[in-house]
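Only one structure is covered here, and it is reproduced in the block below.
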Amino acid sequence: MRLDDQARLVLARNDRGGYTVPAAGLYPYQWNWDSAFAAWGFSTFDIDRAWLELETLFSAQWEDGTVPHIVFHRPDSGYFPGPEVWATNRSPPTSGISQPPVAAILVRQVYEADPAAGRERLAALYPKILAWHRWWRTHRCQSGVAAVTHPWESGRDNSPGWDIGLANVDESSVGAYTRRDTGHVDPSMRPGKRDYDRYLSILHFGRECGWNQEEIIARGPFLMADPATTFILLRANRDLAALARILGEDPVEPERWAADLGAALPLIWNEDLRSYDARDLRTGRFANALGSGAFLAWLAGVDGPGLEERLVAAWDRVRFGIPSSDPDAPGFDARRYWRGPTWPFMNALIAIGLREAGRTAESERLRRETAALIANGGFYEYFDPYDGTPCGGADFTWTAAVWLAWAGRG
Ligand code: DGY
């Protein structure tokens, strides 16, 4: 079967009716940024289904504007921590944190795939996305750039960028629990036990304060500025402003938010690392960890002195795609979740930025390498960047989507 057909089959098999799960078993609910990528994939062959994916996601939006990182549409005992652990008291049940706001970026792609089919649906979605961006601005951008209150909110759970923030988290009262992820995937490819204890400890804090955002920001155990989320939000605000213009809405708010994020970027430029870097907002310390998130700068239309050389140096050390963390750093692990592997969806976002910055040869190289990973290894969650070994979950929605919308379009 052709790879395009196989990719469509992955989306069809992960379709639970109005939303897709990222991967059966490992991730059995609707995840925020995974769904936005799913919509991008659907837009290549079923525009109605693409919009439906986004509409279902936004149907779980909270009154304060946030769009949660997981929507627990139906019970499933195969995942931990499930809705009873989050205890957000919502219907449908949801988690209590958000996830990087890629939706506006991909909504724009979906709209452009078929403007006539999308106009009304865009008009209905627009105020919801605007409200979500306002939530980011109000609750996560106090320092000027975007912060995350939990590594899961960054979507890059055990990136070395979070190590200094996690070191402040007291996990001693977490108690006993059973992980489910390591029953689905080789544990050596997943975050370690200590990381998980700390993830749960941060979750418990949010739950105990009733998911009160002021309390989480003022006293929560984890608050770190995130270059990747900042660049995504900056770009998403620009795309939202473009969508506002299409709809005849006033683009001034998202334009101003984008400009403010751009002006605050020096806060996350680490001169010692010669890169954008995660920063602990409790202590002011930089993580000193080069990660692929820094290379989303071009997606946001910004650059940094010597950043391209840093990218090429890290990239040239491996064979396939941008490694999620620096291959020369001591904690690098080519197959363990965000400590080294390469992700097709991150490569797609980085490549869009490179292309728009005029670095077309690099953008095309990244597409080719990502396509080779998928063609040789299948629609896996992530890959060893040295030898292309497929890692994590199989038949992964956003890998199939990214194949259809970008990697397979050589
Ligand atoms: C997990 O369960 O591994 C997720 O990354 C949380 O979103």
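Does W406 qualify as being assigned to a helix (DSSP H, G or I) and either farther than 21 Å from A289 by Cβ or touching a helix residue (DSSP H, G or I) at 6+ places or on another chain (Cβ under 7 Å) (or both)? Reasoning before the result, please.
Working: assigned to a helix (DSSP H, G or I): yes; either farther than 21 Å from A289 by Cβ or touching a helix residue (DSSP H, G or I) at 6+ places or on another chain (Cβ under 7 Å) (or both): yes.
Yes: the conditions hold for W406.
Test D163 against the criterion of being acidic (D, E), open to solvent by 30 Å² or more (accessible area, probe 1.4 Å) and out of contact with any Gly (no Cβ under 7 Å at 6 or more places or on another chain), and give yes or no. Don't jump to the end; show me each part of the working.
Values: acidic (D, E): yes; open to solvent by 30 Å² or more (accessible area, probe 1.4 Å): yes; out of contact with any Gly (no Cβ under 7 Å at 6 or more places or on another chain): yes.
Answer is yes for this residue.
For segment 299-313, filtering for residues that are open to solvent by 10 Å² or more (accessible area, probe 1.4 Å), of a type outside the set (D, E) and not in a loop (DSSP other than H, G, I, E, B) leaves 3. Where helices (runs of 4 or more DSSP H) fall wholly inside segment 1-109, the ranges with 1 or more residues that are more than 14 Å from the ligand (Cβ to nearest atom) and crowded, with 17+ Cβ neighbours inside 10 Å are 3-13, 32-42, 47-58. With the structure loaded, tell me whether P330 is on the phi < 0 side of the Ramachandran plot and at pLDDT below 95 or whether it fails that test. Here the answer is yes, as P330 does meet what is asked. Taking the conditions exactly as written (aliphatic (A, V, I, L, M), open to solvent by 30 Å² or more (accessible area, probe 1.4 Å) and under 24 Å from A300 (Cβ atoms)), does A375 satisfy them or not? When the stated conditions are applied, A375 does not pass them. Looking at the structure I just gave you, is R156 assigned to a loop (DSSP other than H, G, I, E, B), touching a Gly at 6+ places or on another chain (Cβ under 8 Å) and in contact (Cβ under 8 Å) with a residue 60 or more places away in the chain? Judged against the criteria, R156 is a match. The condition of being more than 26 Å from G206 (Cα to Cα), more than 23 Å from the chain's Cα centre (by Cα) and β-branched (V, I, T) holds for only one of V318, V312, V302, V252, that being V252.
Here is a check on your reading of the model: is Y382 surrounded by fewer than 21 Cβ atoms within 10 Å (Cβ to Cβ) and of a type in the set (F, W, Y)? Let's see the steps before the verdict.
Working: surrounded by fewer than 21 Cβ atoms within 10 Å (Cβ to Cβ): no; of a type in the set (F, W, Y): yes.
Criteria not met by Y382.
Checked against the criterion of being basic (K, R) and either within 15 Å of the ligand (Cβ to nearest atom) or without any contact (Cβ under 8 Å) to a residue 24 or more places away in the chain (or both), the candidates R245, R238 yield just one match: R245.
Of the residues making up segment 137-151, at least one is under 25 Å from L290 (Cα atoms) and touching a Gly at 6+ places or on another chain (Cβ under 7 Å).
Return the total of residues in segment 127-153 being assigned to a helix (DSSP H, G or I) and within 16 Å of the ligand (Cβ to nearest atom).
Pass one, segment 127-153, residues assigned to a helix (DSSP H, G or I): 127-140, 151-153.
Checking which are within 16 Å of the ligand (Cβ to nearest atom) leaves us with 151-153.
Counting residues in segment 127-153 that are assigned to a helix (DSSP H, G or I) and within 16 Å of the ligand (Cβ to nearest atom) gives 3.
Exactly one of these conditions fails for N168: (1) in a loop (DSSP other than H, G, I, E, B); (2) within 16 Å of the ligand (Cβ to nearest atom). Give me its number. Every condition holds for N168 apart from (2).
Given the criterion at pLDDT 95 or above and either among the β-branched types (V, I, T) or in contact with a strand residue (DSSP E or B) (Cβ under 9 Å, 6 or more places away or on another chain) (or both), identify the matching residue among A218, A228.
Values: A218 fails: either among the β-branched types (V, I, T) or in contact with a strand residue (DSSP E or B) (Cβ under 9 Å, 6 or more places away or on another chain) (or both).
Just a single option satisfies the conditions, and that option is A228.
The values are calculated or read from the model by the stated rules, or taken from the named source; none is laboratory data. Note that the structure is a prediction, hence the values are computed from the model and not measured. Heads up, the Cβs are rebuilt from the backbone with ideal geometry, glycines too, and the neighbour counts pull from every protein chain shown. Ligands, DNA and RNA are stripped out before the accessible areas are found, and what is left, the full protein with its side chains, is counted by its heavy atoms. Shrake-Rupley method; radii C 1.70, N 1.55, O 1.52, S 1.80 Å.
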